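Have a look at the structure below, then the notes.
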Amino acid sequence: MSNVIGFPQPAATVHINDETMSLLASDQLIYRIWDLLDSTVEIIGNPNDPDSRDHWQINQQEAYGNSLEAQICARVLVRRIIGVEPREIQREQTRRLLAACGISRDGGEA
């Protein structure tokens, strides 16, 4: 019973979102993005490798989480450096590409 009573309290939960990532400096965000992507490549492994194949489902979930966190870091960094939401840039690039190809956007967003 004494082990349960003296059990350390968990640290406060840190939510991974734009707000918390905005607290990091740009160089920290850049490194975090690289670290997450590097870890993701390592986590995913090779599905043809027996060691990786046995843990493929778990690895895929962890890689997805890393990818989401890297995306948040990158979004914050793009917004900080360029001053525009990345999705707005993406929509404008798509609009220009479609216009250059002569493709009409009748009917709104796809």
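The values are calculated or read from the model by the stated rules, or taken from the named source; none is laboratory data. Just so it is clear, the model here is predicted, and its values are computed rather than measured. Cβ sites come from the backbone with ideal geometry, for glycine too, and all protein chains shown count toward neighbours.
With segment 36-110 as the region, which helices (runs of 4 or more DSSP H) entirely inside it contain at least 1 residues that are touching a residue at least 24 places away in the same chain (Cβ under 8 Å) and small (Gly, Ala, Ser)?
Once the helices (runs of 4 or more DSSP H) in segment 36-110 are filtered for at least 1 residues that are touching a residue at least 24 places away in the same chain (Cβ under 8 Å) and small (Gly, Ala, Ser), what remains is 56-82.
When you look at Arg53, is it surrounded by 11 or more Cβ atoms within 10 Å (Cβ to Cβ) and over 19 Å from the mean Cα position of the chain (by Cα), yes or no?
So Arg53 fits the description; yes.
Checking Ala63 against (1) among the small types (Gly, Ala, Ser); (2) surrounded by fewer than 16 Cβ atoms within 10 Å (Cβ to Cβ); (3) modelled with pLDDT of 85 or more: exactly one of these is not met. Which one?
(2)
Test Leu68 against the criterion of being closer than 21 Å to Leu23 by Cβ, surrounded by 13 or more Cβ atoms within 10 Å (Cβ to Cβ) and within 11 Å of the chain's Cα centre (by Cα), and give yes or no.
no
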